[in-house]
Amino acid sequence: MPEENEQISEDCVFCKILNGEIESNLVYSDEEIVAFNDINPKAPIHILIVPRKHIESVAEMERGDEFIVGNMIKVAKILAEENRIGEKGYKLLINVGEEGGQVVPHLHLHLLGGKKLREF
Ligand code: AMP
Ligand code: ZN
């Protein structure tokens with residue numbers, strides 16, 4: 001199914017998590033989005049919210065992808081509340097490209113919280 005193949009990239013670590021090739025600690029899953037704990041957490045709560053569609057970065061977003069990103073933010077809000085940081089506050093971060101600090105070339109939203117976060 002060519003349409004389905006366009007949604008995944010064979011060399012991508014997050015696509016491998018999505019298809020079960022690499023294990024992760026999943027904390028959320030629906031037909032469009034998954035979320036799992038970051039392997040190298042920078043805060044007591046550090047969750048990555050990832051679209052099932054392989055979008056390389058914000059810079060590579062196509063028409064319609066803004067709805068996916070909107071839903072990723074909605075999932076972040078739900079997970080923040082589940083982790084009891086909804087009221088105290090948290091940081092949502094998307095790194096874009098090399099100078100933006102993006103290491104994994106599959107769009108993802110970092111949900112960071114559980115302590116006072118001054119820097120990103
Ligand atoms: P970024 O720098 O925005 O591309 O963030 C990539 C994040 O993915 C980093 O915080 C890594 O710790 C995290 N990461 C890389 N590989 C894995 C993995 N297999 N499972 C969970 N998190 C990962
Ligand atoms: Zn991918």
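For region 42-70, name all the residues that are of a type in the set (Val, Ile, Thr), within 25 Å of residue 82 (Cα to Cα) and more than 12 Å from ligand 2 (Cβ to nearest atom).
Within region 42-70, 45, 47, 49, 68, 69 qualify.
Picking from 73, 49, 68, 17, which residue would you name as being in contact (Cβ under 8 Å) with a residue 60 or more places away in the chain and among the aliphatic types (A, V, I, L, M)?
Matching residue, one of 73, 49, 68, 17: 49.
Considering each residue of region 3-21, count those that are at pLDDT 90 or above and not in a loop (DSSP other than H, G, I, E, B), and give that number.
Going through region 3-21 one residue at a time, the tally reaches 6.
Give just the number: which of (1) within 11 Å of ligand 1 (Cβ to nearest atom); (2) among the hydrophobic types (A, V, I, L, M, F, W, C); (3) assigned to a strand (DSSP E or B) does residue 49 not satisfy?
Among (1) within 11 Å of ligand 1 (Cβ to nearest atom); (2) among the hydrophobic types (A, V, I, L, M, F, W, C); (3) assigned to a strand (DSSP E or B), residue 49 violates only (1).
Could you list, in sequence order, all residues of region 26-46 that are near ligand 1 (Cβ under 8 Å from one of its atoms) and assigned to a loop (DSSP other than H, G, I, E, B)?
Within region 26-46, 38, 39, 40, 41, 42 meet the criteria.
Would you confirm whether or not region 78-87 contains a residue that is within 16 Å of ligand 2 (Cβ to nearest atom) and of a type outside the set (Phe, Trp, Tyr)?
No: zero hits.
Pick out the one residue from 73, 68 that is more than 10 Å from ligand 1 (Cβ to nearest atom), among the hydrophobic types (A, V, I, L, M, F, W, C) and in contact with a Lys or Arg (Cβ under 9 Å, 6 or more places away or on another chain).
Exactly one of 73, 68 is more than 10 Å from ligand 1 (Cβ to nearest atom), among the hydrophobic types (A, V, I, L, M, F, W, C) and in contact with a Lys or Arg (Cβ under 9 Å, 6 or more places away or on another chain), namely 68.
The values are calculated or read from the model by the stated rules, or taken from the named source; none is laboratory data. The structure displayed is predicted, hence computed values, not measured ones. So basically every Cβ, Gly included, is an ideal-geometry build from the backbone, and we count neighbours across all protein chains shown.
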